[in-house]
Amino acid sequence: MRLYILNTTKPYRDNENDYAGAWFVCPVEFEEIKEKLGIEKEEDFEIEDYELPFTLNPDMPLWEINALCRMIQEIEGTPVGSEMQEIQAKWFQNIEDFIDNKDKIQHYAVSDSAALAEYLIMEEHCFGELPPELIEHIDFTSFGHKLEQSDKYLFTSSGVFHYE
């Protein structure tokens, strides 16, 4: 996660070797920007470009960007973190909504809808305790297809996610 920050107090000149901006790894503290770009206050810089897993609002302050980056760093390496953009696109309006609700997202480490159906029925007992003689007649594939068509599930290469 990076930001390209431009010193707005320094005019741009084609022949200068010293650029008025630089890339910073997020989260970045104002002191680092101040030291590297030679600015005195936050009003003296603009974010010109970014490489982030979310869209920046033009008026988003640096502290808010840093807070979002820290929260994203906390979930990196988890299934929810790996599929963050897909999950956000399916269920949330923006990154803030995703962050606020990330703990309500359940991950199932299954490969397809039939496996999800079997897990929900056999392990989570979504229909209650079933007698063994009934279990052999359950069509997990058919029930799995019904789950797959539901807006409550997201099927990805990292497994299945559920949000309600």
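The values are calculated or read from the model by the stated rules, or taken from the named source; none is laboratory data. Everything quoted here is computed from the prediction, not taken from an experiment. FYI the Cβ positions are ideal-geometry reconstructions off the backbone, even for glycines, and counts take in every protein chain you see. Ligands, DNA and RNA are excluded from the accessible area calculation, which covers all protein heavy atoms including side chains. Shrake-Rupley method; radii C 1.70, N 1.55, O 1.52, S 1.80 Å.
Probe radius 1.4 Å, ligands and nucleic acids ignored: give me the carbon and sulfur share of the accessible area of region 1-112 as a rounded percent. List each step's numbers first, then the result.
Working: 3050 of 7020 Å².
Roughly 43 percent of what the probe reaches on region 1-112 is carbon or sulfur.
Would you kindly state how much longer the chain becomes between Asp44 and Met71 on full extension, computed as 0.36 nm times their sequence separation minus their alpha carbon distance, in nm to one decimal?
Working: separation 27, 0.36 × 27 = 9.72 nm, distance 2.67 nm.
Roughly 7.1 nm would be gained on extension.
Here are labelled values, (i) 1.09; (ii) 1.81; (iii) 1.53, and one is the computed Cα Rg over 2.2 N^0.38 Å for what I pasted. Which one?
Only one listed value fits the structure, namely (iii).
For His145, tell me the accessible area in Å² from a 1.4 Å probe, rounded to the nearest 10.
The accessible area comes out at roughly 100 Å².
Step through the table entries Lys104/Lys146; Lys102/Lys152; Lys41/Lys102, compare each Cα-Cα distance with 26 Å, and write down the pairs that go over it.
Working: Lys104/Lys146 22 Å; Lys102/Lys152 14 Å; Lys41/Lys102 34 Å.
Over 26 Å Cα-Cα: Lys41/Lys102.
So for the chain, averaging the separation of alpha carbon pairs under 8 Å that are six or more residues apart and normalising by length, what relative contact order in percent results? Don't skip to the answer; put the middle values down first.
Working: 186 pairs, mean separation 31.9, N = 164.
Contact order relative to length: 19 percent.
Return the calculated 222 nm mean residue ellipticity for the chain, to the nearest 500 deg cm²/dmol, obtained by summing -39500 (n - 2.57) across DSSP H runs with n ≥ 4 and dividing by the residue count.
Numbers: 8 runs with 64 residues, N = 164.
Calculated mean residue ellipticity at 222 nm is -10500 deg cm²/dmol.
So how exposed is Lys102, as accessible area in Å² (1.4 Å probe, rounded to 10)?
40 Å²
Could you tell me which of Phe92, Gln106, Ala117 has its Cα farthest along the dipole of region 74-117 towards the positive end, charges placed at Cβ (Lys, Arg +1; Asp, Glu -1), taken about the Cα centre?
Value: Ala117.
Can you tell me the accessible area per residue over the chain, all protein chains present, probe 1.4 angstrom, in square angstrom? Working shown, then result.
Numbers: 10310 Å² over 164 residues.
So the chain comes to 63 Å² accessible per residue, rounded to a whole number.
Just to verify a number: what accessible area does Cys69 come out at with the full protein assembly present, 1.4 Å probe, Å² rounded to tens?
0 Å²
Cysteines of the chain lacking any other cysteine beta carbon under 4.7 Å?
If one checks each Cβ against the other cysteines of the chain, Cys126 turn up with nothing under 4.7 Å.
Students often forget the sequence filter, so: which aspartates and glutamates lie under 20 Å Cα-Cα from Lys10 once same-chain residues fewer than 8 apart are removed?
Candidates past the 8-residue exclusion: Asp18, Glu31, Glu32, Glu35, Glu40, Glu42, Glu43, Asp44, Glu46, Glu48, Asp49.
Compute, for the chain, the length of the dipole vector about the Cα centre, with Cβ point charges of +1 (Lys, Arg) and -1 (Asp, Glu) only. Units Debye, rounded to 20. Write down the numbers at each step before the final one.
On the way: 12 positive and 36 negative charges, 30 e Å.
So the magnitude is around 140 debye.
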